[in-house]
Structures are given as structure tokens and as C-alpha cells.
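What follows is a structure written as C-alpha cells; I'll ask about it next.
The values are calculated or read from the model by the stated rules, or taken from the named source; none is laboratory data. Just so we're clear, the structure is a prediction, and the values are computed from it rather than from any experiment. Please note: Cβ atoms are built from the backbone with ideal geometry, for glycine as well, and neighbour counts cover all protein chains shown.
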Amino acid sequence: MIQRIQTVFLLVSLISAVLMFFFPIAWYYGELNTIAFYLHQLKDSVPDSKPLYNEFFLYPLILLDLSLAGASLYAIMAYRSLTKQLKVIKFGILASIILIAALFFYYADHISKTVQATADYEFGVFLPLISLVFFLLASRSVQRDIKLIRSVDRLR
């Protein structure tokens, strides 16, 4: 049934994955330039400055976020098969952990070394964490439903 609580959790996870495209992850205030780090672009505030990275630099982040949103949407639509839904949710948890690790340990560090400035994190950095928390809540809820169905089958 689509009106279960894990659908709400997965919907919040989907919304947070989509909102990652619209909110900046961090700002870098260097001596020569000021850079806004979005999930899909590095926006330099200094006019007529050459780009620091090519357009392929952020593609892994975009693919991870799209896989996160796709896993949420597919898990919402796979409400008839709880085992399939649980597998997709576990994939979403893994993708969310990889996205968080890539953001903090590779991209933020690499950009701060290039710009020679520290990161000033914004609201967008919390969105993958929100997505991860709601994936974990959905996983717990699906596991509870599977346990309930197995206990009812035992009684028959």
C-alpha cells in the first residue's frame, strides 16, 4: 500500500535529493575569487574569470544525486514487493554515504586547496544527511512491515 509511513520517508528523501541542485553546498572566499559550490556547477562571482575546472569535474556528484533521487522514486513505486523495496532502499543508503564522503573528503578539500580558502558551508551540505536519515527510517519501517507479514503468515 502506498500510504505507508515509509512512502513519506522516501518522499522526503526524494525532495532533499532534488533540492541539492538548488542550494549551494559551500562558499569559498579566496583572495582572487569567490566561488559558490553547487552540486552541478562551481559559480565564480568574479566577472570574466576563467573556470577553475572543466565541466566534467562535478559529473560524479550529479550521477550520485540522480541515483539517489531515482532510488527514492523507484522505492516509492515498488510498494508491492517489500523485499525489492528494501534492496532499493539499501542501495539508496549506500549512494547517500558515497555522496557524503565524496562531498566532504574529495570535492570540498580539492576545491579549498585550489582556491586556497576554507569552506563556508551552507544549507545544501545538510541535504545529503537528511536524505540518509530518511532512507534509514524507511529501511527500518520496511523491515518492520516484513516482520509483521512473516508473523501473520506463521499464524495461518
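Any idea how many residues of region 118-141 are in a loop (DSSP other than H, G, I, E, B) and hydrophobic (A, V, I, L, M, F, W, C)?
Number of matching residues: 1.
Taking the condition more than 16 Å from the chain's Cα centre (by Cα), outside any helix (DSSP H, G or I), modelled with pLDDT under 90 and not aliphatic (A, V, I, L, M), does Arg80 pass?
yes
With respect to Ile89, determine if the residue is closer than 14 Å to Phe9 by Cβ and under 10 Å from the mean Cα position of the chain (by Cα).
No.
For residues in region 101-124 being within 14 Å of the chain's Cα centre (by Cα) and surrounded by fewer than 17 Cβ atoms within 10 Å (Cβ to Cβ), which is farthest from Tyr29 (Cα to Cα)?
The residue in question is Ala101.
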